[in-house]
Amino acid sequence: MRTNEFHTVRGYQLIEQEKKLLTSAMEDYLEMIFRNIGNEGYMRINTLAEMLNVRPSSATKMVQKLSQKGFVEYKKYGIITLTEKGKTLGEFLLQRHNIIEKFLKGIGIRDNLLIETELIEHNLSVDTLRSIDELNSFFEEHPEIMRKFEHYRSTRN
Ligand code: CO
């Protein structure tokens, strides 16, 4: 069984291109929007601001930038929807987050897991991420090797 997160994402080339258009902060916004857009297919600017712990005016500014770059549509009444390329990149950003978090958990990180994930995620190439994803899958498919690793660590400390 393949457990790679990546199998649903297509067009890595496109992702590498589009990613260059975004700052780390914009990536955080897009990831959060994709994560929370839900079945209705939209999200409110106030909800987004709350989740990111920023003022609604700051959230509006950033969402307008994402809109200019073609990742979201920002409509009246504070309603945000994702464009097709916004969905593709948003899905990638969420998977990227999950892959890194899973990796850190796997090597035994417990403290500040979320903060560390947020610090690492913006600076990896798609190739590196894919390799980490494969390593995650490898450990999942071979838990006996993971146990050996855990044993190895416990005997060193
Ligand atoms: Co993240």
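The values are calculated or read from the model by the stated rules, or taken from the named source; none is laboratory data. Remember, it's a predicted structure, so these values are computed and weren't measured experimentally. Cβ coordinates were reconstructed from backbone atoms using ideal geometry, including for glycine residues, and neighbour counts include every protein chain displayed.
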Condition check for I99: buried (at least 18 other Cβ atoms within 10 Å of the Cβ) and either on the phi < 0 side of the Ramachandran plot or modelled with pLDDT of 90 or more (or both): yes
Any hit, the stretch 60-72, residues being β-branched (V, I, T), over 21 Å from Q17 (Cα atoms) and not in a helix (DSSP H, G or I): no
Test: residue in the stretch 75-94 that is charged (D, E, K, R) and farther than 28 Å from I132 by Cα: yes
Subset tally (residues that are among the small types (G, A, S), under 20 Å from L89 (Cα atoms) and either outside any helix (DSSP H, G or I) or in contact (Cβ under 8 Å) with a residue 60 or more places away in the chain (or both)) for the stretch 100-147: 1
Qualifying residue in the stretch 111-125 (condition: at positive phi and within 16 Å of the ligand (Cβ to nearest atom)): yes
Single residue of the stretch 76-99 satisfying the filter (touching a residue at least 12 places away in the same chain (Cβ under 8 Å) and among the basic types (K, R)) that is nearest to the ligand (Cβ to nearest atom): R96
Selection count where residues are among the small types (G, A, S) and surrounded by 14 or more Cβ atoms within 10 Å (Cβ to Cβ), scope the stretch 118-155: 1
Any hit, the stretch 24-36, residues being polar (S, T, N, Q) and in contact (Cβ under 8 Å) with a residue 40 or more places away in the chain: yes
